Amino acid sequence: MISKTFNIYCDESCHLENDHKAFMLLGYVSSAYNQVKRHTERINDLKKKHNFYGEIKWSNVSNSQFQFYKELVDYFFDTELRFRTVVVRKNKINNGAFNQDYDTFYYKMYYYLLNHNIKSNFTYNVYIDIKDSLSAYKVGKLKEILNTKYGVFRNIQNVKSHESTILQLADFLMGALSYNLNDPDRKVIAKRQIIDRIKHHTTQSLDATSYDNLFNMFFIELQ
């Protein structure tokens, strides 16, 4: 069997317990380890083409930067990059029933996010956008739990978004899906157009579970 290594870059949207948003999303963009540098260089070339010098993130999407973000969506769907998200309807969360706090629930959802389509002959490096000062401990626990079953997660660590272009791409895609679910008015024209561009490429609903390995959405049914 051929062994490969993949880097998985994780981010979240509307994950705070009391942010008055209906849906919480955890997601990632994954890349073959030996392609990370190439993707980073090509996305940086795209930034230069459009005179875009800031950090890639959904909150920065505007009419003036629309063309850059549109081509970024096109780039993602033209490559072997993969996206997956777990979507949680927050009014279904019942931590009391499981004698757990919200942070414990949050990391359980990370387990469901990463516990998908794992190959025993592959290895994985996971990079999670830093959430708080306790993240390092909890990420270590997550690695321990995942490797009890798989033993293939070589590295799970926190990083800052400015350190990784692909992590920024994850933020952007997560933000688009969250905006589609949590902001029904969708007042920003450029953001509506980006969502339409994603729909154009996926030909699938963005508000229901899909089984596409390129762009996978899982709406979890909490017990």
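The values are calculated or read from the model by the stated rules, or taken from the named source; none is laboratory data. Just so it is clear, the structure is predicted and the values come from calculations on it, not from any experiment. So basically every Cβ, Gly included, is an ideal-geometry build from the backbone, and we count neighbours across all protein chains shown.
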Counted residues in the stretch 135-155 being within 15 Å of Leu113 (Cα to Cα) and of a type in the set (Ser, Thr, Tyr) come to 1
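Being within 20 Å of the chain's Cα centre (by Cα) and not aliphatic (A, V, I, L, M) is the filter here, so list the residues in the stretch 42-68 that pass it. Quick ask: steps written out before the conclusion?
Let us first name the residues in the stretch 42-68 that are within 20 Å of the chain's Cα centre (by Cα), namely 42-44, 54-61, 68.
Matches in the stretch 42-68: Arg42, Asn44, Gly54, Glu55, Lys57, Trp58, Ser59, Asn60, Phe68.
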Within the stretch 1-26, of all residues that are buried (at least 19 other Cβ atoms within 10 Å of the Cβ) and either polar (S, T, N, Q) or modelled with pLDDT of 95 or more (or both), the one nearest to Glu163 (Cα to Cα) is Tyr9
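For the condition among the β-branched types (Val, Ile, Thr), in contact (Cβ under 8 Å) with a residue 24 or more places away in the chain and surrounded by fewer than 17 Cβ atoms within 10 Å (Cβ to Cβ), what is the one hit in Ile194, Ile130? Please lay out each step first, then the result.
Working: Ile194 fails: surrounded by fewer than 17 Cβ atoms within 10 Å (Cβ to Cβ).
Checking each option against the conditions leaves just Ile130.
Given the condition modelled with pLDDT under 90 and either farther than 20 Å from Phe83 by Cβ or part of a helix (DSSP H, G or I) (or both), answer yes or no: does some residue in the stretch 190-198 qualify? It would help to see each step written out before you state the result.
Quick first cut of the stretch 190-198, residues modelled with pLDDT under 90 only: none.
No, the conditions are met nowhere in the stretch 190-198.
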Report task. Within the stretch 36-56, identify whether any single residue is touching a Leu at 6+ places or on another chain (Cβ under 8 Å), within 22 Å of Arg186 (Cα to Cα) and modelled with pLDDT of 95 or more, and answer yes or no. Result -> yes
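So which of Phe153, Phe172, Phe122 ends up being touching a residue at least 60 places away in the same chain (Cβ under 8 Å) and over 28 Å from Asp207 (Cα atoms)? Steps first, please.
Working: Phe153 fails: touching a residue at least 60 places away in the same chain (Cβ under 8 Å); Phe172 fails: over 28 Å from Asp207 (Cα atoms).
Residue meeting the stated conditions: Phe122.
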Scanning the stretch 203-223 residue by residue, the ones that are out of contact with any helix residue (DSSP H, G or I) (no Cβ under 8 Å at 6 or more places or on another chain) and β-branched (Val, Ile, Thr) total 2
**Prompt:** Can you spot a residue in the stretch 88-97 that is polar (S, T, N, Q), under 13 Å from the mean Cα position of the chain (by Cα), within 21 Å of Leu181 (Cα to Cα) and at pLDDT below 85?
**Reply:** no
The number of residues in the stretch 193-219 that are of a type in the set (A, V, I, L, M, F, W, C) and in contact with a Phe, Trp or Tyr (Cβ under 6 Å, 6 or more places away or on another chain) is 2
The number of residues in the stretch 210-223 that are part of a loop (DSSP other than H, G, I, E, B), of a type outside the set (Gly, Ala, Ser) and within 14 Å of His116 (Cα to Cα) is 5
Taking the stretch 125-168 and keeping residues more than 19 Å from the chain's Cα centre (by Cα), of a type in the set (D, E, K, R) and in a loop (DSSP other than H, G, I, E, B) leaves none
